[in-house]
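Inspection log for the structure reproduced underneath, given as C-alpha cells.
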Amino acid sequence: MPDKGPLQFHVPEPEVRPGDTPDFSKVVVPPAGEQPRPAVDAKPENIRDLAYTIIRVLDDEGRAVGPWAGSLTDEELAEGLRHMMTLRAFDARMQLAQRQGKTSFYIQHLGEEAISCAFRKALKPGDMNFPTYRQAGLLIAGGYPMVQMMNQIYSNDQDPLKGRQLPIMYASKEYGFFSISGNLGTQYIQAVGWAMASAIKNDTRIAAGWIGDGSTAESDFHAAMVFASTYRAPVVLNVVNNQWAISTFQGIARGGAATFAARGHGFGIPALRVDGNDYLAVHAVAKWAVERARLNLGPTLIEYVTYRAGAHSTSDDPSAYRPKTDSVAWPLGDPLIRLKNHLIAKGLWSEDRHKQAEAEILSLVIAAQKEAEAHGTLHQGGKPSARDMFEGVYAEMPAHLRRQRQQAGI
Amino acid sequence: MARMTMIEAIRSAMDVSMERDGDVVVFGEDVGYFGGVFRCTQGLQQKYGKTRCFDAPISESGIVGAAIGMAAYGLKPCVEVQFADYVYPAYDQIVSEAARIRYRSAGEFTCPITVRMPTGGGIFGGQTHSQSPEALFTHVSGLKVVVPSNPYDAKGLLIASIEDPDPVIFLEPKRLYNGPFDGHHDRPIQPWSKHELGEVPDGHFTVPLGKAAIRRAGSAVTILSYGTMVYVAQAAAEETGIDAEIIDLRSLVPLDLDTILASVKKTGRCVIIHEATLTSGFGAELASLVQEHCFFHLEAPVARVAGWDTPYPHAQEWDYFPGPARLGRALVEAMGA
C-alpha cells in the first residue's frame with residue numbers, strides 16, 4: 001500500500017447546492033417492468049438484487065408493464081388518483097391555513113402522495129400503521145373524515161386529540177393509525193412489538209412501521225430490525241427515502257451503503273426497493289410484503305425512492321440548501337401526473353375529466369375546511385378547555401394533578 | 001401463606017398475573033429459558049410457554065419499544081431491564097412514548113406496561129450495577145414509580161402495577177432481594193424467612209399504588225424513606241434511641257402526601273433518606289412538599305441524607321452508601337435544632 005499521509009476525515013456532500021444545476025446522474029433509474037417478481041415465500045438471500053434496483057411498473061408512456069403490474073382494477077386505479085388528488089388539495093389548503101395564522105405548523109406530502117395512499121389499499125381493516133408525520137394518505141385513502149384531520153390541525157373544540165398534540169400528529173385506532181410521536185424512529189420498534197403481539201395471540205392482523213431515510217440512523221431502527229428478524233414478526237417495515245432529512249441529504253444517514261433497502265440483508269429480512277412515485281409499483285410491492293406477513297413468513301423491508309418536492313415543514317425553506325429546480329429535475333417524476341397519464345393511456349380518464357375532478361375535490365376540501373373552521377382555529381373561535389389539559393395524563397387523575405388544576409383555577 | 005424471598009415474591013406476582021390474564025407477557029434479557037440473572041422469572045417459560053415468557057436481544061430500547069407496541073395491541077407486558085443502570089437506551093421510549101401515549105392520543109391508545117429493574121447498591125456492583133435512577137422517572141408526567149421494600153409489598157405492588165392501566169417503573173432494591181439490609185455490611189445477612197414481611201400469600205392480592213406504610217410509629221421526628229433505606233432508618237432510630245416515625249413511601253408517583261403531612265405535623269421534624277445522589281434527587285421534591293405544607297409545624301430544617309453526588313464507586317462503596325451512622329447524625333442534628 002502506498003503511503004497516503006495522515007488520516008483524513010470524510011464528510012459526504014450532496015451532488016449539488018443552491019445555484020448549481022440539479023444533477024441526479026447517480027440515481028440509476030432502470031426501465032419499468034424489468035424487475036422480477038419473486039414468490040412471496042422466496043428466500044431473502046435469493047432476492048438480494050431487489051434491494052439495489054428500483055421496482056417500477058409505469059413506463060414513460062404511462063403503460064403498466066412487467067411482472068409487478070396488474071395488482072389493481074381500473075376502479076381502484078381511479079380511486080387511487082382521487083386519493084392522491086385529495087391529499088394534494090388538502091395539503092395546499094392547510095399549508096395556506098398555516099400561513100394565514102390558523103394553525104402553528106403543517107407538514108405537506110408534495111411528491112410523496114403515492115406511498116401512503118397506495119400502501120393503505122394493500123392493508124385490511126384491523127391492520128395497524130405506526131406512521132411518521134408524512135403518511136396522511138393512510139387516513140385519506142382509509143376514508144378517515146377530512147374534517148376530523150382539520151379539527152386536529154386547528155386544535156379547535158372538536159379536535160379529537162383535545163388540543164394536546166402538535167398539528168398533523170393524528171391518532172385513530174379504528175383507522176389503523178397509531179399516535180404520531182414527533183420523536184423520530186421510536187415508532188419503528190413499536191410496530192414490531194404490535195406485530196409480535198398479533199402473532200402471540202394467533203391473530204391475522206399485521207403491522208406496518210414507517211420511517212424516513214434520515215431516521216434510519218436512529219438506534220430504534222436497528223432494534224426494530226433485530227426484533228423483527230429474531231421473532232419473524234408479521235410487519236412491513238417501510239423506509240421512505242425522500243432524499244432529504246430537513247436540510248441533510250440522504251447520504252449522511254446512508255453512509256457507505258449502496259441503498260437503504262440493503263440494510264435488510266444483514267438481518268436476513270427480504271429487502272425491496274421501489275419507485276415511490278409509481279402508485280402501481282408501490283401497491284404491488286406493499287401487497288407482496290403484506291401477504292408475506294400474513295402468511296407467517298415474517299418481515300419485509302421496503303425502501304420507497306421518492307423526492308420531497310416541498311419544504312420539510314412550514315418552518316423550513318429548502319432554497320437555503322438545495323437548488324430551487326431540484327424537484328422538477330427529479331427523474332421519477334410526479335406520482336399524481338404519472339397515474340393520471342396511465343389512466344388517460346388506458347382510455348379511462350381525460351384532461352377535462354381531471355380538471356373537473358380537481359374542482360370537485362377542491363370544493364369538498366373547502367367544505368370540510370369551512371366546517372372545521374366553524375369549530376374554531378388555533379387562535380380564534382372554539383378551543384379545547386384549559387381544564388382538559390389535566391385530563392388523560394393517567395387513567396385516573398392523581399392527587400397532585402388535582403391540586404395543580406385547583407391552583408390553576410380551572 | 002408462604003415464606004418468600006423478594007425474588008420469589010416478584011416471581012409469584014408474575015406467575016399469578018400470567019395465570020389470571022392471558023394478555024400478560026414477560027420478556028427481557030436472560031429472562032426466558034434461564035429465568036433471569038436474579039432468577040425472578042425462573043420457571044415462567046416452562047409453565048406458560050415461549051410465547052408468553054421469552055428471551056430478548058440486548059436492546060433496552062427494543063425491549064421497551066416492543067412492549068409499547070404490544071400494549072397498543074392490547075397486551076399487558078411486564079418487561080425486565082437487567083439493571084436500572086442499563087435503562088438509559090430505553091429512556092426515549094419510556095419518556096417520549098410510554099408516558100405520553102394516553103395523553104397525546106386522547107385515550108385512543110394506552111400503554112399499560114410494567115418495566116421492572118433492579119436498583120440500588122450495596123452489592124459491590126460498581127457504577128454500572130448500583131444506581132438509583134428513580135428521580136429520572138418521577139420527573140416525567142405520565143409515569144408511575146414504585147419501590148418496594150419487602151417481599152409482601154413487592155408481590156402486591158407488582159400485581160397492582162401489572163394491572164394498572166398506565167406505565168409503571170418498578171424499581172427492585174437488589175440488596176433486599178434475599179433479606180432486609182440496614183447498612184451494617186459487616187454483620188451477618190438476615191434472611192426474609194425470619195422477617196414478618198417475608199410472609200406472603202400464595203394467591204392474588206394487591207398493595208395499592210400511592211399508599212405509604214408507617215414502619216415504625218414515633219413522635220420525635222419523621223423519616224421519609226423507601227426501598228433499602230427503610231431498614232437503614234430502622235437501624236438509625238434504634239441506635240440513636242430517637243423515637244422516629246419511619247414512613248416507607250412504597251410508591252413515589254403517585255405519592256401518599258397525606259400520610260407524610262400527618263406525620264410531620266405530629267413530629268415537627270423531618271429527615272429524608274435515599275440512596276440516589278442528592279442534587280435534584282426525589283428528596284428535594286419531598287423536602288419542598290414538606291416545607292410548603294408543614295412550615296409552621298417545623299421545629300428544625302428539613303434534612304436530606306443521600307448518596308454523594310459522585311458516580312457510584314466500587315472500593316469506596318461503604319463510604320458512599322448512606323448508612324445508619326450518617327442518618328443517625330442527621331437525626332441527632334434535627335433533634336438538637
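The values are calculated or read from the model by the stated rules, or taken from the named source; none is laboratory data. Remember, predicted model here, so these are calculated numbers, not experimental data. Heads up, the Cβs are rebuilt from the backbone with ideal geometry, glycines too, and the neighbour counts pull from every protein chain shown. Side chains included, ligands, DNA and RNA excluded: accessible areas come from the protein's heavy atoms. Shrake-Rupley method; radii C 1.70, N 1.55, O 1.52, S 1.80 Å.
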So what is the accessible area of segment B:260-301 per residue, in Å², with the probe set to 1.4 Å?
-> 44
Taking the Cα centre of chain B as the origin and placing charges on Cβ (Lys, Arg +1; Asp, Glu -1), which of B:Ala90, B:Pro133, B:Pro77 is farthest toward the positive end of the dipole?
-> B:Pro77
Using the Cβ atoms and a cut-off under 10 Å, what net charge is assigned to the surroundings of B:Val79, where Lys and Arg are +1 and Asp and Glu are -1?
-> -2
Report, ordered by chain and residue number, the lysines lying within cross-link reach of A:Lys162, taken as a straight Cα distance under 27 Å and ignoring same-chain residues fewer than 8 apart.
-> A:Lys102, A:Lys173, A:Lys370, A:Lys383, B:Lys76, B:Lys144
Quick shape check on the protein assembly as shown: root eigenvalues a ≥ b ≥ c of the Cα gyration tensor, a/c under 1.5 is rounded, otherwise prolate if a/b tops b/c, else oblate, and it reads prolate
Classify chain A as rounded, prolate or oblate from the Cα gyration tensor: take a ≥ b ≥ c as the square roots of its eigenvalues, call it rounded if a/c is under 1.5, otherwise prolate when a/b beats b/c and oblate if not.
-> rounded
Write down Rg/Rh for segment B:213-336, rounded to two decimals, with Rg from the C-alpha atoms and Rh from the Kirkwood relation over Cα pairs.
-> 0.94
Relative to the Cα centre, what is the charge dipole magnitude of chain B, using +1 at the beta carbon of each Lys and Arg, -1 at the beta carbon of each Asp and Glu, and rounding to the nearest 20 debye?
-> 300
Plugging the Cβ-Cβ distance of A:Thr325 and B:Ser280 into 1/(1 + (r/R0)^6) at R0 = 56 Å yields, to the nearest 0.05, a FRET efficiency of 0.60
Would you rank A:Glu371, A:Glu79 by solvent-accessible area, highest first, keeping every protein chain in place and using a 1.4 Å probe?
-> A:Glu371, A:Glu79
Prolate/oblate/rounded call for segment A:151-216, Cα gyration tensor, a/c under 1.5 rounded = oblate
In nm, the gap between the two label points placed 7 Å beyond Cα toward Cβ at B:Asp309 and B:Ile58 is 3.3
Over the protein assembly as shown, what is the percentage of antiparallel beta bridges among all DSSP beta bridges, to the nearest 5?
-> 20
Calculate, for A:Gln100 and A:Val27, the FRET efficiency according to 1/(1 + (r/R0)^6) with r their C-beta to C-beta distance and R0 45 Å; round to the nearest 0.05.
-> 0.80
Using 0.36 nm per residue, how much length does the chain from B:Lys266 to B:Ala300 gain when fully extended, once their Cα-Cα distance is taken away?
-> 10.9 nm
Only helical DSSP H runs with n ≥ 4 go in: add -39500 (n - 2.57) per run for chain A, normalise by residue count and round the 222 nm mean residue ellipticity to 500 deg cm²/dmol.
-> -11000 deg cm²/dmol
Count the net charge of all other residues whose Cβ sits under 13 Å from the Cβ of A:Gly142, scoring Lys and Arg as +1 and Asp and Glu as -1.
-> +1
For chain B, calculated [θ]222 nm from helices alone, where every DSSP H run of n ≥ 4 adds -39500 (n - 2.57) = -9500 deg cm²/dmol
B:Arg329-A:His379 FRET efficiency (beta carbon distance; Förster radius 56 Å; 0.05 resolution) = 0.45
Cα lying deepest toward the dipole's positive end in the protein assembly as shown, options B:Gly281, A:His400, B:Pro191, charges on Cβ = A:His400
Assigning unit charges at the beta carbon (Lys, Arg +1; Asp, Glu -1) and nothing else, what dipole magnitude in debye, to the nearest 20, does the protein assembly as shown show about its Cα centre?
-> 720
Kyte-Doolittle mean at least -1.0 and Cα extent at least 27 Å along the axis: which DSSP H helices of chain A qualify?
-> A:74-99, A:351-374
Nearest-5 percent of antiparallel DSSP beta bridges in segment B:2-200?
-> 10
Please name which of A:Gly376, A:Pro323, A:Val274 has its Cα lying farthest along the dipole of chain A towards the positive end, using unit charges on Cβ (Lys, Arg +1; Asp, Glu -1) and the Cα centre as origin.
-> A:Gly376
Summed residue charge, Cβ within 11 Å of B:Gly121's Cβ, Lys/Arg positive, Asp/Glu negative | -1
Equivalent ellipsoid, chain B (semi-axes from 5 times Cα gyration tensor eigenvalues, Å) = 33, 21, 18
Segments A:350-360, A:201-211 sorted - mean Cβ within 10 Å per residue, highest first | A:201-211, A:350-360
Percent of beta bridges antiparallel (DSSP, chain B, rounded to nearest 5) | 20
Rounded to the nearest 20 debye, dipole of segment B:213-336 from Cβ charges on Lys, Arg, Asp, Glu | 180
